[in-house]
Amino acid sequence: MFQRNFVVRPEFLQLVTVCDSRGVELTDYGEEPMDKNRLAGGAKQVSGAATEAAGKLSGNRKLKAKGKARKTTGKIQSALGRAADKVRSTLGLRKT
């Protein structure tokens with residue numbers, strides 16, 4: 001079962017930890033935390049898309065290409081993180 005610990009503060013009620021029966025800390029959605037590469041890859045995709053859009057708006061082909069490359073790098077890094085999460089999940093390993 002899940003164990004929930006709450007800290008009561010005057011302005012709100014904050015969820016501190018949720019653990020499954022193995023003691024693995026879970027997110028608010030009941031899943032194990034994501035790999036750092038997934039998060040970093042998503043951030044790179046967003047910044048790459050913004051840079052690409054800025055290049056399109058300004059007509060700067062070099063800036064547009066730089067944004068497209070960063071976005072692609074982010075997609076690759078995100079895929080690497082998803083693969084790592086899948087391996088951990090399949091083998092039942094805890095993310096450290």
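Just so it is clear, none of the values below were taken in a lab; they were calculated from the coordinates. Everything numeric here is computed off the predicted structure, so don't read it as measured data.
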message: Strictly over 27 Å apart at the Cα level, which of K36/K62; K66/K86; K36/K68; K36/K66 would you flag in this model?
response: K36/K62; K66/K86
message: Can you tell me which lysines have their Cα less than 25 Å from the Cα of K64? Leave out same-chain residues fewer than eight positions away.
response: K44, K56, K75
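How far, in nm, would the chain grow between L91 and L39 when pulled straight, counting 0.36 nm per residue and subtracting the alpha carbon separation? Spell out each step's value before the answer.
On the way: separation 52, 0.36 × 52 = 18.72 nm, distance 2.16 nm.
This chain segment gains 16.6 nm when fully extended.
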